[in-house]
């Protein structure tokens, strides 16, 4: 079966995020007040062939920890779904059944 | 014998010719080595030069770490061979786990291209061997992701084991403990953000980089001489029993 995967990579808490801090500082000038704790990360979407959802998750976990995130400074959150899709035009992550 | 240095070229590397020129200016012999090669046989030292290996996609060094040549570089380093990563090369070595820590975006999110004043903090490495501790060097930096970071335990280890080789005198990028260059525990694998090859002639503003590169060549040459001797000793019984000529150690390698 083919599963949709979304990997969110973000800087670990405690690691300085100058990009997030810069965006947050710009917000008041745009009229956004009361927005806090802004952190910048990246989202990586792909499909993976696997027997079932747990094994798809295992493959995605390994890929995330070996390549997609640098464990020294980053954490990865892996979402796997069966057919709901995290990609474009496939329904999006909202409402999809997610496992973490 | 001339010291032979492999200068590894990944797709996107752009400082390789500067490194070759600097090494040759110091009497060494440097050859470009494409990242798809699987052997560094016959070389006495390896340089991973600066640039944007594999476009710096994902993270600087994240994909270069999986280039075929990196297995050989790892084995060469494990056998004590001197390896230095400059700038992007430092990022590759950190991603490959050959050096601890990581390089983050500079504080202030600025790409910095400027001369940096450095202080030599340890002579216990292939790059600083014989260089006076406390010596000041002016060597350019040229990076966006050069802010060195690591966890407190790693930092304590680097400090207590005398593995912080170079510190910025006026920290330009937010590196923890002003770190500009570090070594592995054995001192033969080194990463630094400043570009010694860009300070190899007074004509370009500074020749201080030659201090480090000359030390590196000297270390590589002394190690090569020792390795040759070891091999000759190992081969002597075979020579006496068979009476055949022993190939030179270099050929045997």
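Please list, ordered by first then second residue, the pairs with beta carbon atoms under 6 Å, 6 or more apart or interchain, first in segment B:139-165 and away from chain A (no Cβ under 12 Å) and under 12 Å from residue B:102 (Cα atoms), second at pLDDT 95 or above and in a strand (DSSP E or B).
As it stands, the answer is B:146/B:103, since those pairs meet every condition given.
Of the conditions (1) within 16 Å of the chain's Cα centre (by Cα); (2) at pLDDT 90 or above, residue A:35 fails just one. Which one is it?
For residue A:35, the exception is condition (1).
Within segment A:10-27, restricting attention to residues that are at the interface with chain B (Cβ under 9 Å from one of its Cβ atoms) and in contact (Cβ under 8 Å) with a residue 40 or more places away in the chain, which residue is farthest from residue A:52 (Cα to Cα)?
The qualifying residue farthest from residue A:52 (Cα to Cα) is A:15.
Select from segment B:173-201 the residues that are within 14 Å of chain A (Cβ to nearest Cβ) and surrounded by fewer than 24 Cβ atoms within 10 Å (Cβ to Cβ) and write down the one among them that is farthest from the chain's Cα centre (by Cα).
B:174
Inspect segment B:116-126 for any residue being within 11 Å of chain A (Cβ to nearest Cβ) and either in contact with a strand residue (DSSP E or B) (Cβ under 6 Å, 6 or more places away or on another chain) or closer than 23 Å to residue A:22 by Cβ (or both) and give the result as yes or no.
No; the residues of segment B:116-126 include none that is within 11 Å of chain A (Cβ to nearest Cβ) and either in contact with a strand residue (DSSP E or B) (Cβ under 6 Å, 6 or more places away or on another chain) or closer than 23 Å to residue A:22 by Cβ (or both).
Might you check whether a residue that is in contact (Cβ under 8 Å) with a residue 40 or more places away in the chain and part of a strand (DSSP E or B) occurs anywhere in segment B:68-76?
no
Hey, can you tell me all the residues within segment B:5-30 that are within 15 Å of the chain's Cα centre (by Cα), within 16 Å of residue B:220 (Cβ to Cβ) and free of Cβ contacts under 8 Å to residues at least 60 places away in the same chain?
B:6, B:7, B:20, B:30
Can you tell me which residue is nearest to the other protein chains (Cβ to nearest Cβ) among those in segment B:85-114 that are part of a strand (DSSP E or B) and out of contact with any helix residue (DSSP H, G or I) (no Cβ under 6 Å at 6 or more places or on another chain)?
The selected residue is B:104.
Give the residues of segment A:28-53 that are in contact (Cβ under 8 Å) with a residue 24 or more places away in the chain and over 23 Å from residue B:173 (Cα atoms), sorted by residue number.
A:43, A:44, A:45, A:46, A:47, A:48, A:49, A:50, A:51, A:52, A:53
From the list A:15, A:59, pick out the single residue that is in a helix (DSSP H, G or I) and surrounded by 15 or more Cβ atoms within 10 Å (Cβ to Cβ).
Sole residue among the options that is in a helix (DSSP H, G or I) and surrounded by 15 or more Cβ atoms within 10 Å (Cβ to Cβ): A:59.
If you go through segment B:7-52 one residue at a time, how many are farther than 26 Å from residue B:203 by Cα and exposed (fewer than 15 other Cβ atoms within 10 Å of the Cβ)?
6
The values are calculated or read from the model by the stated rules, or taken from the named source; none is laboratory data. Everything numeric in this text was worked out from a predicted model, so none of it was measured. Every residue, glycine as well, gets a Cβ built from its backbone with ideal geometry; the counts of neighbours run over all protein chains shown.
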